[in-house]
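Q: Structure in C-alpha cells, see below.
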Amino acid sequence: MASLPTSFGIPRASITYPTSLRVLAPTEFAAEVAGYGVAGAVVVGPAGWTGVGRVGADGSVAFTLYPAGSSASAGPEMVFQFDGACVGCAWGDASAYFPAVAQALPSAGTGPASTPPPGLQTESLGPGLIGYSLAANPGLQTNGVAYTNLPETTSDPVFDDLQVTLPLAEHSLATVLLNAFVAQEDRYLCASGAPSATVSLTLTQGSC
C-alpha cells in the first residue's frame, strides 16, 4: 500500500498506515486497484495513481488521487472531503446535495444554501447516504457518495463526500471503488436492500 504526502494545519507526528489492505472485489479487478494511505485515511483507488492530502486544524480532511504523471483536475481523479468541526461548512456543503438540509438551513442561521453541482442526480442508499452522478467532461463520468447526519442531528453536524471521475468505459471500476469506500465507513452501513442505479451500490449489512 502506498503512503501519499499530507499537509497538516496543526503540526503533528507522521501517520502510520497498514502495510496491506484486504478488499472484497470481483477477481477481474484484482490488478486494477491498490490501497493508498493519505490524510489519515485508507482508500482503495486505481492502481498506479498518486495524490496529496490535507488535514485542517478543525479536523477537516481532504485528498485528491490522480494518475501518476498527470495532475489534479486534469481528467480522471478521486476527490474526498470531510468538513470536520466547521459547522457552517457542513451545513452549506450538505445543502447542495440534500434538499432537506437546504430547506432546514435558514433556521440554522449558518447562511444560504449552496447551489447543487451541475448535472446532479441522486439516489438514496440509506439514512443520510446518497449515491450520485454529476456532469463530466466528454468521455468521462463522475459518480460519488455523500453522507450527512443533518438536519436530524444539529449539535455535531457531519458532511463527507467522495467523487470518482473515470472514463465512461470504466464505470464498473468506479463502482468497485465506491463500494470499497462505503464498506469502510461504519456510519454508512445501514440495513437496506435497495440497489442504486447511480453507482450500483447495495447496502445489506450493519445498522444505523
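The values are calculated or read from the model by the stated rules, or taken from the named source; none is laboratory data. Quantities reported herein were computed from a predicted structural model and do not represent experimental measurements. When we count neighbours, we look across all protein chains shown, and the Cβ atoms used for this are built from the backbone with ideal geometry, even at glycine.
Q: Identify, by number, the condition in (1) in a helix (DSSP H, G or I); (2) out of contact with any helix residue (DSSP H, G or I) (no Cβ under 9 Å at 6 or more places or on another chain) that Gly119 doesn't meet.
A: Every listed condition holds for Gly119 apart from (1).
Q: For segment 181-195, name all the residues that are of a type outside the set (Lys, Arg) and either over 11 Å from the mean Cα position of the chain (by Cα) or at pLDDT below 75 (or both).
A: Residues satisfying the conditions are Ala183, Gln184, Glu185, Asp186, Tyr188, Leu189, Cys190, Ala191, Ser192, Gly193, Ala194, Pro195.
Q: Please determine whether any residue of segment 74-89 is without any contact (Cβ under 8 Å) to a residue 12 or more places away in the chain and either touching a strand residue (DSSP E or B) at 6+ places or on another chain (Cβ under 7 Å) or over 29 Å from Asp156 (Cβ atoms) (or both).
A: Taking every residue of segment 74-89 in turn, at least one turns out to be without any contact (Cβ under 8 Å) to a residue 12 or more places away in the chain and either touching a strand residue (DSSP E or B) at 6+ places or on another chain (Cβ under 7 Å) or over 29 Å from Asp156 (Cβ atoms) (or both).
Q: Mind listing just one residue for me: the one in segment 46-78 that is polar (S, T, N, Q) and outside any loop (DSSP other than H, G, I, E, B) and, of those, farthest from Tyr36 (Cα to Cα)?
A: Thr64
Q: Considering every residue within segment 2-21, establish whether at least one is without any contact (Cβ under 8 Å) to a residue 60 or more places away in the chain, touching a Leu at 6+ places or on another chain (Cβ under 9 Å), crowded, with 17+ Cβ neighbours inside 10 Å and of a type in the set (S, T, N, Q).
A: Within segment 2-21 (the criterion being without any contact (Cβ under 8 Å) to a residue 60 or more places away in the chain, touching a Leu at 6+ places or on another chain (Cβ under 9 Å), crowded, with 17+ Cβ neighbours inside 10 Å and of a type in the set (S, T, N, Q)), the answer is no, since none of the residues qualifies.
Q: Filter segment 140-160 down to residues that are aliphatic (A, V, I, L, M), more than 15 Å from Ala102 (Cβ to Cβ) and either outside any strand (DSSP E or B) or under 17 Å from the mean Cα position of the chain (by Cα) (or both), then give me how many there are.
A: Filtering segment 140-160 down to residues aliphatic (A, V, I, L, M) leaves 140, 145-146, 150, 158.
The next check asks that each one be more than 15 Å from Ala102 (Cβ to Cβ); those that pass are 140, 145, 158.
In the following step, the residues that additionally are either outside any strand (DSSP E or B) or under 17 Å from the mean Cα position of the chain (by Cα) (or both) were identified as 145, 158.
The total comes to 2.
Q: What single numbered condition from (1) surrounded by fewer than 16 Cβ atoms within 10 Å (Cβ to Cβ); (2) at pLDDT 65 or above fails to hold for Leu166?
A: (1)
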